[in-house]
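Written below as structure tokens is the structure these notes are about.
The values are calculated or read from the model by the stated rules, or taken from the named source; none is laboratory data. What you are looking at is a predicted structure, and each value in this text was computed from that prediction instead of being measured. Cβ coordinates were reconstructed from backbone atoms using ideal geometry, including for glycine residues, and neighbour counts include every protein chain displayed.
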Ligand SMILES: [Zn+2]
């Protein structure tokens, strides 16, 4: 009897869906996107009180997950102009958490911008899809790898001032806490929680074909349409520089950017959490985690 029970348990553990269900806390994911896009945070415009609330929330989560950081209290302040490090707290700030790899110093850099457009008159630009969705997914991955120590080191960067011209990303690059050549791949998420066509784009593999081996096996087994493209191939859009991965791409650092097509609520006050698609969103987040696990399997 005991052996049978063990065998059944073993089979359950082998089922990938079950395993992922265990490691990705969907309830927490929805809780995080809901808080980050709540009216209380007033659209998270850089330097606003609501933006500071988002910072505190992310830093507290990193702290609770026992991440470390190369920056005091996880906060990398930077100036609006030069992107150089500053201690002045009247400045924009990236929130940076770190998990050291068990086998290599090689870095996987996971990024998502948490800032958005703020308010205009009575309108609050809630920014649920753009980009509370990517930020909450980043927190889910931090939670996963804090429980399952990765072989590669992970740097989790919740970036500020993307909406003002990718400033948080530029500042991180200008003041990167490790030698840049340790970065194996940048994974950026910006808008991943809704799609009328059930499609998530993975941008970057045209520039860095070596990344296809992490994407294609996941694409094959996914119930959402993972589309490799929109990186400037013939007849396609070019999102190679459309979000925070751009400055890293300019330094020839391989990136994968995950995002969806623009939608009717893009950069409107109606980009609210009740308009995201929780089923698509959780599947997209699971898919991106699967890509990270695929990178994990790659022996360096
Ligand atoms: Zn965005």
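The single condition among (1) at pLDDT below 95; (2) surrounded by 21 or more Cβ atoms within 10 Å (Cβ to Cβ) that residue 105 does not meet is (2).
Let's see how each residue does on (1) outside any loop (DSSP other than H, G, I, E, B); (2) within 13 Å of the ligand (Cβ to nearest atom); (3) surrounded by fewer than 24 Cβ atoms within 10 Å (Cβ to Cβ); (4) modelled with pLDDT of 95 or more:
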| site | (1), (2), (3), (4) |
| --- | --- |
| 111 | yes, yes, no, yes |
| 119 | yes, no, yes, yes |
| 130 | yes, yes, no, yes |
| 139 | yes, no, no, yes |
| 143 | yes, no, yes, yes |
| 146 | yes, no, yes, yes |
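Selection of the range 198-213 for residues being within 16 Å of the ligand (Cβ to nearest atom) and without any contact (Cβ under 8 Å) to a residue 60 or more places away in the chain yields only 203.
For the range 152-171, the set of residues classified as within 16 Å of the ligand (Cβ to nearest atom) and crowded, with 20+ Cβ neighbours inside 10 Å consists of 157, 158, 159, 160, 161, 162, 163, 166, 167, 168, 169, 170, listed by residue number. Restricting 165, 233 to those that are on the phi < 0 side of the Ramachandran plot, assigned to a loop (DSSP other than H, G, I, E, B) and without any contact (Cβ under 8 Å) to a residue 40 or more places away in the chain reduces the list to 233. Could you list, in sequence order, the residues of the range 177-197 that are outside any loop (DSSP other than H, G, I, E, B) and either under 12 Å from the mean Cα position of the chain (by Cα) or within 16 Å of the ligand (Cβ to nearest atom) (or both)? The answer is 186, 187, 188, 189. It is to be established whether one or more residues within the range 68-88 are within 16 Å of the ligand (Cβ to nearest atom), touching a residue at least 60 places away in the same chain (Cβ under 8 Å), under 18 Å from the mean Cα position of the chain (by Cα) and not in a helix (DSSP H, G or I). No - not one qualifying residue is present in the range 68-88. Among the residues of this structure, residue 238 counts as one that is more than 16 Å from residue 113 (Cβ to Cβ) and away from the ligand (no atom under 16 Å from the Cβ).
Scanning the range 251-294 for residues that are within 17 Å of the chain's Cα centre (by Cα), farther than 19 Å from residue 113 by Cβ and part of a helix (DSSP H, G or I) yields 278, 280, 282, 283, 286, 287, 289, 290, 291, 293, 294.
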